[in-house]
Amino acid sequence: MAGTARADSTRSLPAVRGDAHTLGHGCTRRPRQTTPMTGTIVRLHTEPAGSGTSRAPGHYPAVFAEFMLPYRDPGPFARWQQQHDGRTATLHPTPSGSPMGGDLYPFGVLPRRLLAWMATTAVATGSRHLNAGKSLADLARTLGLTTDGPSLHRLRDQLDRLTGATVQIQDATPGPGGVHVRGTTLRVAEHYTTWNNEHRHWGLDGQDTGLAITLSSEFFTSIVTAPVPIDLHLLYLLGSSPLRTDLYLWTCHQLQQREQTHWHTTYRTFADTFGSRTLRPRRFHEALRSAARDVTSLHPDIEITADRGGLNFIVAGRGNQPGGERA
């Protein structure tokens, strides 16, 4: 697999036990409605699949499976905006609180794992009030991470950056009288509070409690209305590469949206919507092809091949492979 996966990538892997129906084993369909369990911690355990592999049914927010977070820190004064097919996504980061000003963008793999946990928990409990456990280490273990000091520091930093962020989506539709623009603003969290004591316990207003994060009503509604089904086991096996992670999440979203047996997506589309702005086009294409090989090797229901213009996606058992070389 391209790149080096962190040692924490195969620790305890999340799953929500219940009535998940699979699209093979690589993605899962939305589970049937269950009784809300407000305040329940969604623990992460793998379940055996019929093929002998393990799966961990979960979910991901659709907006972040279509427009991706940055891979690296854009810096305190950057502007993060993506445009594709008449849609514009603008990420408004968390203010730093520094006298010097600047903003704090969520970036890398950690906020993607946090978003998967948020969506999986919101769908499983039917509540926007998320129980993150009694300590930061509890949350780290839930996400399949190590609990050493540096790992917990990175997790706390990315949690602060993510929960304070807002994404604004604008759809522009040309018409006879001009361009019709429709916008939606989604705050990730309405509020969250943490309280650091010697045991790194969470707290709400200084009291010991697991109820630490409340999603905004708009973001919660967007999640439970159309959650993207994913396999958290596979997500964690992809390791520390945001590009591999994004290609998998994007593929699951496309499988949910499309009925075709195969489709083609251009490199330009990926460049417009994925989180890498530091690679030259040729390097980005090479990295994307490498990520496609990794996703194909782990995902039993999708084969990704490359041609000069982009990537071909072939759903297993639904048609013949179009022209193209293996990614």
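Some points to look at:
- Set side by side, the residues 223, 230 differ, and just one is among the aliphatic types (A, V, I, L, M), at pLDDT 95 or above, under 19 Å from residue 66 (Cβ atoms) and not in a helix (DSSP H, G or I), which is 230.
- Applying the condition of being touching an Asp or Glu at 6+ places or on another chain (Cβ under 9 Å) and surrounded by fewer than 16 Cβ atoms within 10 Å (Cβ to Cβ) to the range 172-195 and asking which residue is nearest to residue 96 (Cα to Cα) yields 193.
- Test: residue 93 is closer than 18 Å to residue 189 by Cα and at pLDDT below 95: yes
- Strands (runs of 3 or more DSSP E) wholly inside the range 58-171 containing at least 1 residues that are touching a Ser or Thr at 6+ places or on another chain (Cβ under 6 Å) and crowded, with 18+ Cβ neighbours inside 10 Å: 80-84, 129-131
- For residue 239, the criteria (1) buried (at least 19 other Cβ atoms within 10 Å of the Cβ); (2) not in a loop (DSSP other than H, G, I, E, B) hold in every case but one, which is (2).
- Selection within the range 271-301 - modelled with pLDDT under 90, under 18 Å from the mean Cα position of the chain (by Cα) and either in a helix (DSSP H, G or I) or on the phi > 0 side of the Ramachandran plot (or both): 272, 273
- Single unsatisfied condition, residue 280 versus (1) under 25 Å from residue 80 (Cβ atoms); (2) surrounded by 18 or more Cβ atoms within 10 Å (Cβ to Cβ); (3) not aromatic (Phe, Trp, Tyr): (2)
- Of all positions in the range 184-201, at least one carries a residue that is more than 29 Å from residue 133 (Cβ to Cβ) and either modelled with pLDDT of 95 or more or touching a strand residue (DSSP E or B) at 6+ places or on another chain (Cβ under 9 Å) (or both).
- Condition met for residue 127 (hydroxyl-bearing (Ser, Thr, Tyr), modelled with pLDDT under 90 and out of contact with any helix residue (DSSP H, G or I) (no Cβ under 7 Å at 6 or more places or on another chain)): no
The values are calculated or read from the model by the stated rules, or taken from the named source; none is laboratory data. The structure presented is a predicted model; accordingly, all values stated were derived computationally and were not measured. Cβ coordinates were reconstructed from backbone atoms using ideal geometry, including for glycine residues, and neighbour counts include every protein chain displayed.
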